[in-house]
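Since the structure comes first, as structure tokens, the remarks are kept for the end.
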Amino acid sequence: MRLFCLDIEDFKVAKITGVSRPAITGYMSVFGNASAKIASASALKEGEIEVDESHFGARRVRNARGRGVKAPPVFSMLKRGGKGYTPVVKNCSISSILPIIERQADKETTVYTDGFRTYDGLADFSYKQHYRVKHNANEFAIGHNHINGIENF
């Protein structure tokens, strides 16, 4: 558990502990699922949240930026001044992301996003306080309208 919390790779944990790599991978999966359940139980519910999607992993397409990364997407939500929530999603479509937002945030929640088109539908689903920053127009923060917290998270 300590090595999981230190975010050490499976093969290194196997080498350190002398336990087989498949067994360590199984343990890491159990720990990850338990962490996700705990994070899900502490919902972000109300206030102001920042939402963003990212890709993490070693597989990159040469000279590609942003979504050019060939790795599974990770969707993240961060309550300003509070906790974050980061489930791995199958893709970054509205059908994958909206159920997560609905579980984690009340309709009165103020939502801050970037200009990614998936977030176009948030107003249609009763999130009336939805603010965007348009990174493609070199817009990163306009007063209180930013997603710098989730970018740092």
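Summed over the range 121-139, the residues that are open to solvent by 50 Å² or more (accessible area, probe 1.4 Å) and either free of Cβ contacts under 8 Å to residues at least 24 places away in the same chain or among the hydroxyl-bearing types (Ser, Thr, Tyr) (or both) give a count of 12. Annotation note: Cβ proximity below 6 Å between a residue of the range 70-94 that is over 24 Å from Glu108 (Cα atoms) and a residue that is open to solvent by less than 20 Å² (accessible area, probe 1.4 Å) and among the charged types (D, E, K, R) (sequence gap 6+ or interchain) occurs for Pro73/Glu53. Cβ-Cβ distances below 8 Å connect the following pairs, each with a first residue in the range 1-24 that is open to solvent by 70 Å² or more (accessible area, probe 1.4 Å), a second residue that is among the acidic types (Asp, Glu), and a separation of six or more residues or different chains: Arg21/Asp10. Residues that are in a helix (DSSP H, G or I) and in contact with a His (Cβ under 8 Å, 6 or more places away or on another chain) within the range 96-129 comprise Tyr119, Leu122, Ala123, listed in sequence order. Asp114 satisfies every condition listed in (1) free of Cβ contacts under 8 Å to residues at least 40 places away in the same chain; (2) open to solvent by less than 20 Å² (accessible area, probe 1.4 Å); (3) farther than 29 Å from Ser29 by Cβ; (4) in contact with a strand residue (DSSP E or B) (Cβ under 7 Å, 6 or more places away or on another chain) except (1). Going by the conditions given, is Lys90 under 28 Å from Glu9 (Cα atoms), surrounded by fewer than 18 Cβ atoms within 10 Å (Cβ to Cβ), in contact with a helix residue (DSSP H, G or I) (Cβ under 6 Å, 6 or more places away or on another chain) and at pLDDT 75 or above? Yes, satisfied.
The values are calculated or read from the model by the stated rules, or taken from the named source; none is laboratory data. Source: prediction; values computed, not measured. Virtual Cβ from ideal backbone geometry, glycine too; neighbours counted across all protein chains shown. Ligands, DNA and RNA are excluded from the accessible area calculation, which covers all protein heavy atoms including side chains. Shrake-Rupley method; radii C 1.70, N 1.55, O 1.52, S 1.80 Å.
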